[in-house]
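Here's the structure, in structure tokens; my notes come after.
The values are calculated or read from the model by the stated rules, or taken from the named source; none is laboratory data. Here the structure is a predicted model, which means the values were calculated and not measured. Reconstructed Cβ throughout: ideal geometry from the backbone, glycine too, with neighbour counts over all protein chains shown. The area values use the complete protein model at the heavy-atom level, side chains included, leaving out ligands, DNA and RNA. Shrake-Rupley method; radii C 1.70, N 1.55, O 1.52, S 1.80 Å.
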Amino acid sequence: MTQTDLRTHATEIHEQFSDRLDVTVEEIEERLSTLVDEYQVPTDEARRSVVNTYLDEAGMERDDLSGGGGNEQKAVADIDKAEEWVDITVKVVDLWDATSDAVAQVGLLGDETGTIKFTKWSKSDLTELEEGAAYDLRNVVTDEYQGRFSVKLNRTTTIEQRDEDIEVGDDATEVEGALVDIQSGSGLIKRCPEEDCTRVLQNGRCSEHGEVEGEFDLRIKGVIDDGIDVHEVIFDREATEELTGITLDKAQEMAMDALDTSVVADEMHEKILGRYYEVRGPTLGRYVLANEFAELDAPADPDAALIKARSI
Ligand SMILES: [Zn+2]
């Protein structure tokens, strides 16, 4: 542990108590340093111990601390708003390669209800999370991008490793029914080529980056009617190719011959509209991502089946 690390912890603890106790950053740092350097106490434990001392001195409960608790404990699947401060108990399912120096760690966390992406900033100077380990994470901030939620660990986040393992739930959704509609923005599309953007272009323009030279991609935004509800599903390029038998190369050829990209969506309509599918995958906003799918035999009398299902 370097002195800079202790100073960061001391500053954060100071922020938590500055309006309740007359204590300086230096004094806090000294206490931490005694525990860490002289008694070889791990930094996280030292920090907890020092915080507990000040909680006693201030006559406060841990839940009174700003940035130390008092947030709602949330299940991963219940995170549905951005900019919320929450506590979560999770297992590190997967660690990915950070694509920026500003990010110390990025990956996937999970609990019984599902999984969620996390980002840990370099400047927050937190303990390294280990894949497969379970943690209590307090004071993480939720975020949202294109309907998908994530959590960000920041410099006020506390990380406590747990002894008990966590069973990570399968958050896949399954829908089954007739493909009754294919939405606009399906077929041969162009995406923004800017790094990490991939937005679908509208008339050659990205809503973020303006006019760009797009990259071709295939997708289908479909609507499946299970007889009770309708569900929106997205087939990515791979799934679309498998579903329709039209590859990206073929689709580009078709569009070039016709001088029109819409011929691709038209052809896809013919091939799949009205057929029955079972689709399984994670949800992204209001969409189910078709990670797995299978074509089903149509009910012998689809109208009867629909009427029966609606009457339940
Ligand atoms: Zn863009």
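Laid out as a table, the results:
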quantity	calculated
Residue identified as surrounded by fewer than 21 Cβ atoms within 10 Å (Cβ to Cβ) and over 24 Å from E195 (Cβ atoms) among E144, E112	E112
Top-ranked residue in segment 189-220 [being outside any loop (DSSP other than H, G, I, E, B) and among the β-branched types (V, I, T); ranked as nearest to the ligand (Cβ to nearest atom)]	V200
Selection within segment 85-101 - hydrophobic (A, V, I, L, M, F, W, C) and open to solvent by less than 50 Å² (accessible area, probe 1.4 Å)	V86, I88, V90, V92, A98
Meets criteria (open to solvent by 30 Å² or more (accessible area, probe 1.4 Å) and under 24 Å from S100 (Cα atoms)) for D196	yes
Members of segment 9-20 that are at pLDDT below 85 and open to solvent by less than 50 Å² (accessible area, probe 1.4 Å)	E12, Q16, F17
Residue within segment 64-78 that is closer than 21 Å to Y145 by Cα, open to solvent by 40 Å² or more (accessible area, probe 1.4 Å) and at pLDDT 85 or above present	yes
Given (1) modelled with pLDDT of 95 or more; (2) away from the ligand (no atom under 16 Å from the Cβ); (3) open to solvent by 20 Å² or more (accessible area, probe 1.4 Å), index of the condition I224 fails	(3)
Residues of segment 233-265 classified as open to solvent by 40 Å² or more (accessible area, probe 1.4 Å), without any contact (Cβ under 8 Å) to a residue 60 or more places away in the chain and not small (G, A, S), total	14
Options V140, V200, V151, V175; residue that is over 15 Å from V92 (Cβ atoms), of a type in the set (A, V, I, L, M, F, W, C) and in contact (Cβ under 8 Å) with a residue 40 or more places away in the chain	V175
Test: residue in segment 12-26 that is of a type in the set (S, T, N, Q), touching a helix residue (DSSP H, G or I) at 6+ places or on another chain (Cβ under 6 Å) and closer than 28 Å to S122 by Cβ	no
Segment 165-185: number of residues that are within 24 Å of the chain's Cα centre (by Cα) and either under 26 Å from V212 (Cα atoms) or of a type in the set (D, E) (or both)	6
Subset tally (residues that are in a loop (DSSP other than H, G, I, E, B) and in contact with a Lys or Arg (Cβ under 6 Å, 6 or more places away or on another chain)) for segment 161-184	4
